[in-house]
């Protein structure tokens, strides 16, 4: 397995440490990997579901941007 | 790829037009609260997602977290409390669970779902946010004049008030589409409250050298006597952009926002706002969002080291000046010459020249920009 170092805020690390103890995770490392898996899946689902902007909304925005001269 | 919204998702809390009509028809039964200019602008910024992930005004848990840790309770960086204050009389008129109609200038501007009404410590608030309780500090003065209670709860913005700048305003959704349409993957944002001088131009162009696009985002709103009027700032920038910037490399749109003058904390807040507009980089200069001598010259840059997880890259600049030794614009970091060869750009001097109808020296401001400013009968706020 490839290992990488990621910098996170100290406050967050302290919360992870406390949480790992409470839920019986072996380590902060294990908890972080679990959380990342969950988070990544949720993000992927969000993208697939097109939560950001619908095509209709993008068309409306493009129209306004053109009318204001921001787009040719 | 432009920045992800702060907290992952761009908030939209704008009341749909069909619901707006129903609400306004039935609004006679709702309790009402008058809000001031600062809260009104915060409401708009929550509504359009400029303050993502906030969906309303902070409750007591979030306020405490922001004051003590400069983060929301979920650990996301957030440095400026976004709060709605009320006095004792208003407190008696609303209750938990109420939907309240927010009024500004006699017009309905939003709905607030009341989740909590709580007292707070103004001295602590001022000390944490402004690092001072000196009432001469404009941010402290405002906090001290606020009502004794805060209301926490989600909001829906009603875009009713017109200020004449609608065509200059783009929402974060719109800037994100625009940046994508232009093919920009990296965008540097510049916040301004002033007409552009050569120092601003060199900071912007230096930053633009390394990214795809420049997003100039003037703050429109409450001004004090002697400041440049908003329309003057916009016209001056249009002249600069049209005559001196590569075509298609700049987007200018306004943001309505009431400055807090909280120096370092506010620099982080400004960066978060621009991240939500889609910017990947943010310019931080000398004494950003400062006032008087309350903050160190570069304190607003140093604070960024506490936020490695901000999600937008700050670009730090030293003060630019004209150096006769260099024969052009330079700054403290790269200029080897003595101070007496430098012409520092003074906003006060520029303002004095222009108020007498005189074009400032070419080492401070471009003639074309100055002439645009002087084309106004009175470029200053009375």
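Before moving on, here are some points about what is shown:
- Whenever a residue of the stretch B:198-218 is touching a residue at least 60 places away in the same chain (Cβ under 8 Å), its partners that are surrounded by fewer than 19 Cβ atoms within 10 Å (Cβ to Cβ) and in a helix (DSSP H, G or I), lying with C-beta atoms within less than 9 angstrom and at least six residues away or across chains, give the pairs B:201/B:244.
- Where residue B:356 falls short, out of the listed (1) within 25 Å of residue B:288 (Cβ to Cβ); (2) free of Cβ contacts under 8 Å to residues at least 24 places away in the same chain; (3) out of contact with any strand residue (DSSP E or B) (no Cβ under 8 Å at 6 or more places or on another chain): (1)
- Unmet requirement for residue A:54, which otherwise passes all of (1) within 12 Å of chain B (Cβ to nearest Cβ); (2) under 20 Å from the mean Cα position of the chain (by Cα); (3) closer than 22 Å to residue B:309 by Cα: (3)
- A count restricted to the stretch A:7-23 and to residues that are within 9 Å of chain B (Cβ to nearest Cβ) and outside any loop (DSSP other than H, G, I, E, B) stands at 3.
- Residue within the stretch B:303-325 that is over 24 Å from residue B:190 (Cα atoms) and surrounded by fewer than 17 Cβ atoms within 10 Å (Cβ to Cβ) present: yes
- Residue in the stretch B:207-225 that is touching a strand residue (DSSP E or B) at 6+ places or on another chain (Cβ under 6 Å), within 14 Å of chain A (Cβ to nearest Cβ), buried (at least 22 other Cβ atoms within 10 Å of the Cβ) and more than 28 Å from residue B:378 (Cα to Cα) present: yes
- Any pair with Cβ under 6 angstrom, 6 or more apart, that starts in the stretch B:179-191 at a residue that is within 12 Å of chain A (Cβ to nearest Cβ) and ends at one that is surrounded by 16 or more Cβ atoms within 10 Å (Cβ to Cβ) and outside any helix (DSSP H, G or I): B:179/B:2; B:179/B:187; B:179/B:278
- Taken together, the residues in the stretch B:332-346 that are surrounded by 15 or more Cβ atoms within 10 Å (Cβ to Cβ) and either over 20 Å from residue B:360 (Cα atoms) or outside the structural domain of residue B:196 (by TED's automatic domain parsing) (or both) amount to 1.
- Looking only at the stretch B:274-312, residues that are away from every other protein chain (no Cβ under 14 Å) and assigned to a loop (DSSP other than H, G, I, E, B) come to 17 in all.
- Residue match in the stretch A:26-46 (condition: modelled with pLDDT of 80 or more, more than 17 Å from residue B:10 (Cβ to Cβ) and not in a helix (DSSP H, G or I)): yes
- Residue pairs whose Cβ atoms lie under 6 Å apart, sitting 6 or more positions apart in sequence or on different chains, and linking a residue in the stretch A:53-72 that is assigned to a helix (DSSP H, G or I) to a partner that is surrounded by fewer than 16 Cβ atoms within 10 Å (Cβ to Cβ), are A:65/A:71.
- Candidates B:101, B:63: the one that is over 30 Å from residue B:184 (Cβ atoms) and either within 14 Å of another protein chain (Cβ to nearest Cβ) or outside any helix (DSSP H, G or I) (or both) is B:101.
The values are calculated or read from the model by the stated rules, or taken from the named source; none is laboratory data. Quantities reported herein were computed from a predicted structural model and do not represent experimental measurements. FYI the Cβ positions are ideal-geometry reconstructions off the backbone, even for glycines, and counts take in every protein chain you see.
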